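Structure, as structure tokens:
The values are calculated or read from the model by the stated rules, or taken from the named source; none is laboratory data. In this text the structure is predicted, and so the values were computed from the model without any measurement. Don't worry about glycine lacking a Cβ; one is built from the backbone with ideal geometry, like all the others, and counts go over all protein chains shown.
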Amino acid sequence: MRSGVRPLAGVGETRNMSSGGVLFATETKVEIGERIEYEITLSDDSDGTPPVHLHCLGKVTRAAEQAAEAQASPLFEIAATVERYQFVRRNV
């Protein structure tokens, strides 16, 4: 994940995805309105096919801190647009 020109390293979990945007949870805080570059991994291990990575560029439209009940660090729910994307296959 990268926000504007500021590189970020973070792992998240996709909660919801559509053709216009994505909602994900991450420990990395980003600000509303920031440009963001992120990657979504699409996998189906049932047939041994390597995962496909969806490399996206967009803008953060919502960022909310979630209650950290059992977590050591805060969790942020981020909504971002999908303005440009590219499918990327990597040889494993």
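For region 19-66, residues that are in contact (Cβ under 8 Å) with a residue 60 or more places away in the chain and in a loop (DSSP other than H, G, I, E, B) total 2. Return the residues of region 1-18 that are in a loop (DSSP other than H, G, I, E, B) and modelled with pLDDT of 90 or more; say none if nothing qualifies. 18, the sole residue that qualifies.
Restricting to region 67-90, and then to whatever is among the basic types (Lys, Arg) and not in a loop (DSSP other than H, G, I, E, B), can you tell me which residue is nearest to residue 20 (Cα to Cα)? Per the criteria, the residue is 84. Once region 24-71 is narrowed to residues that are among the charged types (D, E, K, R) and farther than 23 Å from residue 88 by Cα, the residue that is surrounded by the most Cβ atoms within 10 Å (Cβ to Cβ) is 34.
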